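> Sharing a structure below in structure tokens format, with a few things to ask.
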Amino acid sequence: MNKRNKSILIFSSVLLFFVIIFLIGLMWTENLPLFDGLYMTIISILGVGYGDYVPNTNGGKITAMILIPITLGLSSYLLTYLASILIEGNLTNKWERKRMNKQISSMKNHYIICGYERVGEEVLKEFITHEYEVVVIDTDEGVTERIPEDVPYIIDDAKQNHVLEKAGINRAKGVVATTSDDSLNLFITLTAKGINADVEVTARAEQNETEKKLKRAGADQVVNPSDLGGRRMALSLIKPVSMNYIDTMIHAENESFQLDDYHIKQDLEGNTVDDLQLREEYDLTLLGIQRHNEDFIHHPDADETLEADDVLILFGDITDIERFMKKNK
């Protein structure tokens, strides 16, 4: 329980205590039934005083003189406190929404995560690790408690055009549809590609038959967490050492080594792999080359000629990768 809720509970409990004492006192001194006693107590506390009920005995008058100032003060303070919370909350929400809208409008080449369930949360952690700007979209207001403070979010339906446009999809680098609903991910993919055909879309699929549908809808990558998790569990038993090595490459946030992509620039076109001096100068390992025609070259030879738009899959120390990237901007 936060401090504000605790204060409200304490004040409410104290006020209720004195209201009960006031009620009992009036019922006893004025010989009133429960309902009439409660009615007289409430109008006395709120200072209404209709005139239909007034203390007639000295005991009732003394009870009223003692308890009316106490209960009236407590009730006034509590009502004022609640009103200030409501006003402050509305102002805070408006200011926070305005701040996030301004933050989103300034973003470029950012990523949009649609759906903040467990998978979406892990995706966000990875983006934060690699220092990418991200906007989160979800329909559940409750997820905001789990979203880091510096990450802007939109509570709305991600398959709606205006929502993705509000998230800056026309300036975004990629969209990740991570909900557990395959049909929703399909609609998000269609909407995203319909607005910005160049944006990269990675979609989650729970059913194998959905993967082809997502591809046809325009998804650049489709990931089935269930399949990947099942294979990973099986291989961890069948080939534990190999899987441990793969984990070392994948979980770069815990190691000094990582995988990275390098897109061949036009000025490097026509050079060979050997010309890059990856091993000799940077101590990097070239795992493969993704060619623009979608052919993947595993363990390319040293004399393999590089083409424009080739993507090199590099593995090595983070500092060595950064050194290579900086020299070959």
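The values are calculated or read from the model by the stated rules, or taken from the named source; none is laboratory data. Quick caveat, the model's predicted, so the values are computed rather than measured. Positions of Cβ are backbone-derived with ideal geometry, glycine not excepted, and every protein chain shown enters the neighbour counts. SASA here: full protein model, heavy atoms, side chains in, ligands and nucleic acids out. Shrake-Rupley method; radii C 1.70, N 1.55, O 1.52, S 1.80 Å.
> Would you mind finding the one in 149, 126, 145, 131 that is at pLDDT below 90 and more than 15 Å from the chain's Cα centre (by Cα)?
The unique qualifying residue is 131.
> Are any residues in segment 165-194 out of contact with any His (no Cβ under 9 Å at 6 or more places or on another chain), assigned to a loop (DSSP other than H, G, I, E, B) and either of a type in the set (Asp, Glu) or more than 17 Å from residue 122 (Cα to Cα) (or both), and if so, which ones?
169, 170, 181
> Of all residues in segment 306-329, how many are out of contact with any Lys or Arg (no Cβ under 9 Å at 6 or more places or on another chain) and either of a type in the set (Phe, Trp, Tyr) or open to solvent by 90 Å² or more (accessible area, probe 1.4 Å) (or both)?
6
> Given the options 112, 147, name the one that is of a type in the set (Val, Ile, Thr) and closer than 22 Å to residue 194 by Cβ. Walk me through how you get there before you give the answer.
On the way: 147 fails: closer than 22 Å to residue 194 by Cβ.
Every option except 112 fails the conditions.
> Only one of 303, 267, 283 is loosely packed, with under 12 Cβ neighbours inside 10 Å and touching a strand residue (DSSP E or B) at 6+ places or on another chain (Cβ under 8 Å). Can you tell me which?
Only one candidate qualifies: 303.
> Consider residue 37 against the criteria (1) at pLDDT below 80; (2) open to solvent by 50 Å² or more (accessible area, probe 1.4 Å): it satisfies all of them except one. Which criterion is unmet?
(2)
> Got a sec? Which strands (runs of 3 or more DSSP E) wholly within segment 195-286 have at least 2 residues that are of a type in the set (A, V, I, L, M, F, W, C) and more than 22 Å from residue 315 (Cβ to Cβ)?
200-204
> Counting only residues that are acidic (Asp, Glu) and either in contact with a helix residue (DSSP H, G or I) (Cβ under 6 Å, 6 or more places away or on another chain) or crowded, with 24+ Cβ neighbours inside 10 Å (or both), how many does segment 174-211 have?
Within segment 174-211, the subset acidic (Asp, Glu) is 181-182, 198, 200, 206, 209, 211.
With the extra rule that they be either in contact with a helix residue (DSSP H, G or I) (Cβ under 6 Å, 6 or more places away or on another chain) or crowded, with 24+ Cβ neighbours inside 10 Å (or both), the set shrinks to 182, 206.
Selection size over segment 174-211: 2.
> Any idea which of 147, 154 is out of contact with any Pro (no Cβ under 7 Å at 6 or more places or on another chain) and either open to solvent by 60 Å² or more (accessible area, probe 1.4 Å) or in a loop (DSSP other than H, G, I, E, B) (or both)?
147
> Oh, and also: Anything in segment 85-122 that is part of a helix (DSSP H, G or I), at pLDDT 70 or above and open to solvent by less than 90 Å² (accessible area, probe 1.4 Å)? List them, or say none.
The answer is 96, 97, 99, 100, 101, 103, 104, 105, 119, 120, 121, 122.
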